[in-house]
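The values are calculated or read from the model by the stated rules, or taken from the named source; none is laboratory data. Computed from a predicted model, the values in this text were never measured in an experiment. Ideal geometry is used to build each Cβ from the backbone, glycine not excepted, and the neighbour counts take in all protein chains shown.
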Amino acid sequence: MGMLRKLLPTFLSICLVVFIGVLTSCNRGTGCPAEEANTKTNKKGMPTSKAKSGLFDKKTLRKMK
């Protein structure tokens, strides 16, 4: 009985997280925006431009090279 009282809240919280994850997923047949995102490619299929994350400013990027 004591073991059940310890495992029940954990089991319920895991089920709740999985249930919320299923509810927030994309609708069937509509597709996700992440799956529909396309980049321009060259003849070889490589992306034409570099990724721009904006994580570092230009001065810091020059120091890292």
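Values for this structure:
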| item | result |
| --- | --- |
| Any hit, region 34-57, residues being at pLDDT 85 or above, out of contact with any Ser or Thr (no Cβ under 6 Å at 6 or more places or on another chain), outside any helix (DSSP H, G or I) and surrounded by 10 or more Cβ atoms within 10 Å (Cβ to Cβ) | yes |
| From the options 22, 17, residue that is outside any loop (DSSP other than H, G, I, E, B) and modelled with pLDDT of 85 or more | 17 |
